[in-house]
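Where a number appears in this text, it was derived from the coordinates with a stated rule and is not lab data. Keep in mind that this is a model prediction, so the values were computed, not measured. Positions of Cβ are backbone-derived with ideal geometry, glycine not excepted, and every protein chain shown enters the neighbour counts.
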Amino acid sequence: MITFRDLQIHFDSFHAVKDLNLRIEEGEFFTFLGPSGCGKTTILRSLAGFIAPSGGSILLKNRDITHVPIEHRGIGMVFQNYALFPTMNVYENIAFGMRVNKAGKAEIDREVRDIARKVDLQEEQLFKKVSELSGGQQQRVAIARALVLKPSILALDEPLSNLDAKLRVQLRHELKQLQQQFGITTIYVTHDQEEALTLSNRIAVFNSGNLEQVGTPQEIYNHSRTEFVCNFIGDINRIEPEMIAGSRLREKVDPGRAAYIRNEKVSMHPLPGVDAVQLRGTVIEREFYGLYSKYVLRMAAGGLLKTIEQESGQAPRRVGEEAWVYMRTGDIMQF
Amino acid sequence: MYAQTWKGRFRTVHPAALVLYGLIAWFIAAFLIYPNLNIYYQIFFKDGVFSLEAVEKLLSSGRAMRSLYNSFLLAVSLVVTVNAVGITLVLFTEYFAIKGAKLLRFGYYTTLIYSGVVLVSGYKFVYGENGFVTKLLAGWFPKMDTSWFHGYGAVLFVMTFACTSNHVLFLGNAMRKIDYQTIEAARNMGASTFYIFRRVVLPVLKPTLFALTILIFLTGLAATSAPLILGGVEFQTITPMILTFSKSMTSRDLAALLALILGLATLILLTVMIRLERGGHFMSVSKVKSELVKQRIASRLGNAVAHTLAYGLFLIYMIPVVLIVVFSFTDAHSIATATLRPGSFTLDNYALVFSSMTAFKPYLVSIAYAAAASVAVVALALAASRILHKYKNKWATALEYALLIPWMLPATLIAIGLIVTFNEPRAILGNLVLTGTVWMLLIGYVIVHIPFTLRMVKASFFSLDPNLEDAARSLGARTFYTFRKVLLPIILPSTMAVLALNFNNTLADYDLTVFLYHPLYQPLGIVIKNSTDAQALADTRALTLVYSVILMVMSAITLYFVYGKSRKG
């Protein structure tokens, strides 16, 4: 549905986006993920028409929209801080785009009330100032304002980044429900891996203007294709060469390449399977998180390993206690 | 649209916007650049040939040289006296625990609503030869010279108390922003109240004090109404001298040269101020700031001296205001003799102002000028700010610098520039002659208010969330629609506040008005100044008192709506 073909964006000598080739399918919840300055917002803004690409093209349903004016692209945008017009009430904010497009009064009223109902905004909230709404309600107004024009794509630029942790989780859930309800192709920009993993059908991970990997959340998490993706997503252990050299790992793992394993793939209980190996270490740190505890062990062969253990009511491991850890060589990612 | 070319950008600009850009460029060229360049030509070229005749004339004119000396003497003296009084006021209202600080603040803040020619004429009314206080003093000391209140001393006295407004506003604000924890930390280490003030508080205030000092110096240098009304023959400064010289065609070059000297001094000092502003601010590193708690003066004697001084200053500020208000309700005889009798109170003066067209005319003229100028300057600042907000290129930078030219020039230089330039047909104005017309003063008012208005309106524009404009565009709104429906409603309250302040400042202006006004349409500032002349009729003086009271009320209302309401909110 959306195709970025050899897209390049330069700001003077700075290359913000380098030769991007990417296809996003209709109805997908697609996330651009990466650290600050990786180019994800720049790509979204070029898709919306706010930034003109320096090279390449953007196709929407096979139509080249690279040079189409913003208002003719049919892309609804939700901004990081929602950009609700503070001098207008909720109704006027939602109706703004329709008024600009000279829709009739009756049509505007019908559509505004309809979309407000769909995004779960109460009738009495329609005539409130936007500053009187909660963060969640403001997000719904921003989405309603974008959706009332019936865009083919909804673009969201870090809409949850200014909110506190609890509200983020709640709104994330609402956002997913709305996307499923409308079935609209959604492009979501975030630097938060948890948001990306929980919301998306597919994720594109960016780093310094380069596309590192595209895949489903499971692919990105379990089969990271680059060392950057592997490190950026989730908490991970780097397996030091001395650890490989001093254990049975050396039979399966190349000590000349960087090796990583996710914390939860390291266990303090024996693992079945032919590729399981065991390593000896000493607990040097324990952090209690409620549902689980995180342990850091100094390995006898050298290096540190982190592991997490579900809280089962048994006595926790003590700092200074010797312990065996187990892992499967198949879970190790090498780059 | 980073990758867009110039041609592309030009094509996307609306034709109406192009006309607007053209008008702004013309205004800048015709009124901000041309007159200020022409002034050099008028001084240094006679019949198209370079000449230093004006410089020779200046050097050989004893009066002119004396006025230069007097201006610098006044400026230096004011730096000392205004800082001494200003800092004292701020300490008494914001730093030390003085009983009745709220009442004191009320008195010290009177200069905010009562300034310029109104204040000077008020002081003359109170301390002049027939003034209330002079008569009171003469009753106690019969041998006293009743015409004591003139010359250097009188000008310095009046200007000292007239120029503390910036201290109570800006220094007071800087004082309130001091993090109290730094004071507590110093006390915790054993520092005394005055040691803390000297080593912890004062250094934080230093940048503000430097900036205020330069402003005081400039005010002293360009002083107009105080030396004109109170200076007498023995103490005339540059601006009154420029005014005298500008009235004769043969000495206009001298007026222009004096104005230029004033301009150069202003330019140099403002450059120093900008440097200080850039480098001298202290950023608080406190994570959580705590509010300043007023310091008790431990010494009993010190406390008594502070309270006496605080209330003494309060009286100096309040006496002229109170007497002007009281005497505005008395008959002409009481005003002329500065005596109060039970039977002398009347509302006739007020009735006359609002019933006689002749009496009301100065108001009408001032209101018309102030309204037209403030609306025009706000419209110009809105258009310019929009350009500065939208475009970030060398043209936008040039536009901003050009519009800030009047900030670097004293009003006198601007006025003389306009007079010497537009007293003959000029092609840039379609060969119109402006000198002697009613338009001159309006243009002058607009020019002098551009820098302040632009800075304020631009600040409002730049505080706007850039996403709002993007959001409106993504919803299909065009540039002008976005400006009208989204941006303007947000910046309108602050823009209206600037408009109100400009209106207020223009209403009783004297310093610029005296150069540019039309004799048939005399604004309030001129009428008020004329009433201080010895030959002014008692009835005229009575009307002036009413004008002054109404101006104070209007200023107070404006300031309440601009500052008071927002502070409460």
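Shielding by partners for peptide B:461-474, expressed as the average number of C-beta atoms from other protein chains within 10 Å of each residue's C-beta, is 6.
In this rough spin-label picture, where each label sits 7 Å from Cα along the Cβ direction, the residue B:141-residue A:311 distance is 8.6 nm. So what is the calculated 222 nm ellipticity per residue for chain A, using -39500 (n - 2.57) for each DSSP H run with n of 4 or more, over all residues, to the nearest 500 deg cm²/dmol? Value at 222 nm, helices only, nearest 500: -8000 deg cm²/dmol. Over every Cα atom in region B:314-355, the radius of gyration and the widest Cα-Cα span, Dmax, amount to 11.3, 36 Å. Over all directions, the projected convex hull of the C-alpha atoms in chain B averages 32.0 nm² in area. With a simple spin-label model that places each label point 7 Å from the Cα along the Cα-to-Cβ direction, the separation between residue B:553 and residue A:318 comes to 8.6 nm. Comparing mean-square fluctuations of A:312, A:200, A:208 from a GNM of chain A with C-alpha springs under 10 Å, the top value falls on A:312. With R₀ fixed at 60 Å, the C-beta to C-beta distance from residue A:12 to residue B:65 puts the FRET efficiency at about 0.60. Here the ratio of the Cα radius of gyration of region B:62-157 to 2.2 N^0.38 Å is 1.34.
With the highest mean first, a sort of the peptides B:365-374, A:129-138, B:64-73, A:38-47 on other beta-carbon atoms found within 10 angstrom per residue produces A:38-47, B:365-374, B:64-73, A:129-138. Pairwise alpha-carbon distances in region B:52-92 exceed 10 Å for 74% of all pairs. Rounded to 0.05, the FRET efficiency of the residue B:372 and residue B:352 pair, given R0 = 30 Å and the Cβ-Cβ distance, is 0.70.
Taken as entire DSSP H runs, the helices of chain A never both span 30 Å or more between Cα atoms along their own long axis and average 0.5 or more on the Kyte-Doolittle scale. Distance between the pseudo-spin-label points of residue B:488 and residue B:344 (7 Å out from Cα toward the beta carbon): 5.4 nm.
Where the alpha-carbon atoms of region A:153-199 are placed on the principal axes, they occupy 27, 17, 17 Å, in descending order. Stretching the chain fully between residue A:300 and residue A:242 yields a gain of 19.9 nm (0.36 nm per residue, less the alpha carbon separation). Where both bridge residues fall in chain A, DSSP classifies roughly 75% of the beta bridges as antiparallel.
Over 27 Å between C-alpha atoms is what I'm after, so list which of B:177/B:458; B:177/B:394; A:40/B:392 land there. Too far apart for the 27 Å limit: B:177/B:394. GNM remark for chain A: springs join alpha carbons under 10 Å apart, and the peak mean-square fluctuation among A:139, A:125, A:193 falls on A:125. Taking region A:16-38 and a reference point 7 angstrom along Cα→Cβ of residue A:61, the backbone N atoms nearer than 16 Å belong to A:24-28.
Counting Cβ atoms of other protein chains within 10 Å of each Cβ in A:84-97 and taking the mean gives 4. Peptide A:65-71 has a mean shielding of 2, counted as Cβ atoms of other protein chains within 10 Å of each residue's Cβ.
By the count of other C-beta atoms within 10 Å, a proxy for reagent exposure, A:311, A:212 are ordered fewest to most as A:311, A:212. Seen from a random direction on average, the alpha-carbon convex hull of chain A projects onto 21.0 square nanometres.
Nearest 500 deg cm²/dmol is fine: what mean residue ellipticity at 222 nm does chain B get from its DSSP H runs of n ≥ 4 alone, each adding -39,500 (n - 2.57), divided by its residue count? Here the helix-only value at 222 nm equals -21500 deg cm²/dmol. For chain B, the membrane-span-like helix rule (DSSP H, alpha carbon extent of at least 20 Å along the helix axis, mean Kyte-Doolittle at least -0.5) picks out B:62-90, B:202-221, B:252-279, B:300-328, B:357-390, B:439-462, B:488-507, B:538-559; this says nothing about an actual membrane. To the nearest 0.05, how large is the calculated FRET efficiency for residue B:481 and residue A:226 if R₀ is 51 Å and r is the Cβ-Cβ distance? The computed FRET efficiency comes out at 0.65. Orientation-averaged projection of the protein assembly as shown equals 52.8 nm² [convex hull of Cα atoms, one quarter of hull surface area]. Sequentially through region A:277-287, phi angles give Karplus couplings (6.51, -1.76, 1.60; θ = phi - 60°) of 10, 10, 9, 9, x, 10, 5, 10, 7, 9, 10 Hz, Gly and Pro residues having no value and appearing as x. DSSP beta bridges confined to the protein assembly as shown are antiparallel in about 75 percent of cases.
Its Kirkwood hydrodynamic radius, worked out from the mean inverse distance over all distinct Cα pairs, puts region B:27-101 at 16.9 Å. What is the list of residues in region B:509-532 whose amide nitrogen lies under 19 Å from a point 7 angstrom out from the Cα of residue B:336, following Cα to Cβ? Label zone hits: B:530-532.
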